[in-house]
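This report refers to the structure that appears directly beneath it.
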Amino acid sequence: MEGERRASEARSSDLQVGGVGGERTGAGIPLLGDSGSCAPLQADVLVLDEDEDDLEVFSKTSRGEFDSSEFEVRRRYQDFLWLKGKLEEAHPTLIIPPLPEKFIVKGMVERFNDDFIETRKKALHKFLNRIADHPTLTFNEDFKVFLTAQAWELSSHKKQGPGLLSRMGQTVRAVASSFRGVKNRPEEFMEMNNFIEIFSQKINLIDKISQRIYKEEREYFEEMKEYGPIHVLWSASEEDLVDTLKGIASCIEKCCKATEKQMSGLSEALLPAVHEYVLYSEMLMGVMKRRDQIQAELDSKVEALTYRKGDTDLLTEEIGKLEDKVECANNALKADWERWKQNMQNDIKSAFTDMAEENIHYYEQCLATWESFLTTQTDLHIEEDSEDKL
């Protein structure tokens, strides 16, 4: 119960500050559902116990379709996976936000340590944040159930989905469509697919380079932590260099603290932002595949009608329904595509701009530290020269 007590304290402090359309100061959570919905929906993800898979989702809303203004439910990672799957099922050509991996975050942190738990918590919160802020997904019934139903109610709701045979039939049709492929993909979706392929290559490369930079900085930091104390020990055996060696040790210690702060910014801001869009690139490929499957199913029916492979009236009726389905799928993807691109550009620009500002501040701080040391050494030499002349 200690975990629940800590979570309750964190929740009460987190939800007291902040306003519509903004981030709270400190460790607060942003409001959800502000841009696309009529009224705000706010949620937070808290870790209850040492097992990071035992989570609490606390939400507040003023929207009329909810029975209460506050909800507090316990969820596990598999529940987030279920929600993502239901959203993809209900909206096959909308761009569903990605979930963080269950066991690792690209090797940055080990499972169950504090950094991993915090990183996962923030990523899960962002997942909910993006859904709530989406003009369509925020009103999804399964999302509402996820936020409001107790564990046993959610379990019961899950069992109301399509049966095994129905899901198998859908899978078989999807596989068959993927094998047939799309004969005439519209030009705008060809361009979209090309963009996704190039974007995926570049964002994966940036992700790898960013991780390598972080790893090298951590190794540099660990070595620098040992470097300062060596100068202090050295000063004990060099009477004439005591002040100089201790001054160097002090500078190294200050630079260590600055480096640690810079690494913290890198691991908490840039790396998660870049890696989220690595996962988004995989999601986008899935969206394009689902769109193509819908069109491939239509193409197969049109081909069957052309060669009269079946009941003509039935095929004509099915083609009419599939044409409507393809049109809806295409329109949904085109609208969501522009929204996603705008968000992506803003997020990536913000992440790299913040990193640039952090780097400038870091190097200015280290430079000022060493310049101050050199000034004291110059003044010391001047004093010594004056004493010698006397």
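FRET efficiency for the pair E323 and T136, taken as 1/(1 + (r/R0)^6) with r the Cβ-Cβ distance and R0 = 35 Å, rounds to 0.95. For R75, nonlocal amide neighbours, meaning residues 5 or more places apart or on other chains whose placed amide H falls under 5 Å from its own, are L55, E56, V57. Cross-linked pairs K202/K341; K126/K349; K215/K341; K60/K126; K159/K321; K60/K86: Cα-Cα separations exceed 20 Å for K215/K341; K159/K321; K60/K86. Peptides 128-136, 231-239 ordered by packing proxy, namely the average of other Cβ atoms within 10 Å per residue, highest first: 128-136, 231-239. Spin-label model, E238 to Q377: label points 7 Å out along the Cα-to-beta-carbon direction sit 1.0 nm apart. Under the simplified labelling scheme, the M224-E101 pair shows an inter-label distance of 2.8 nm, with each label point 7 Å from Cα along Cα→Cβ.
Applied to segment 122-135, the Karplus parametrisation 6.51 cos²θ - 1.76 cosθ + 1.60 on θ = phi - 60° returns per-residue 3J(HN,Hα) values of 5, 5, 5, 5, 5, 4, 5, 4, 5, 5, 5, 8, 7, x Hz, with x for Gly and Pro. Simple rule: put +1 on each Lys or Arg Cβ and -1 on each Asp or Glu Cβ in segment 290-375, find the dipole, and look at T375, Q365, Q345; the Cα lying farthest toward the positive end is Q345.
Each peptide in 208-218, 82-92 receives the mean, over its residues, of other Cβ atoms within 10 Å, and ordering these scores from highest gives 82-92, 208-218. Here's how it looks for T136: its modeled amide H is under 5 Å from none belonging to a residue 5 or more places away or on a different chain. If only the Cβ of Lys and Arg carry +1 and only the Cβ of Asp and Glu carry -1, the dipole of segment 190-278 around its Cα centre is close to 260 debye. On the basis of the beta-carbon distance and an R0 of 41 Å, A90 and S264 show a calculated FRET efficiency of 0.60. Computed from backbone phi, the HN-Hα couplings of segment 372-378 come to 4, 5, 4, 5, 5, 5, 5 Hz, rounded to whole numbers (Karplus: 6.51 cos²θ - 1.76 cosθ + 1.60, θ = phi - 60°; Gly and Pro given as x).
Peptide packing for 326-332, 187-193 was compared via the average number of neighbouring C-beta atoms within 10 Å per residue; ordered from the highest value, the list is 326-332, 187-193. Taking θ as phi - 60° and the Karplus parameters 6.51, -1.76 and 1.60, the scalar couplings of segment 343-355 work out to 5, 4, 4, 5, 5, 5, 4, 5, 4, 6, 5, 4, 5 Hz in sequence order, x denoting glycine and proline.
Each reported figure results from applying straightforward, stated rules to the coordinates on display, with no laboratory input. Quantities reported herein were computed from a predicted structural model and do not represent experimental measurements. Using ideal geometry, Cβ is built from the backbone for each residue, glycine included, and neighbour counts are taken over all protein chains shown.
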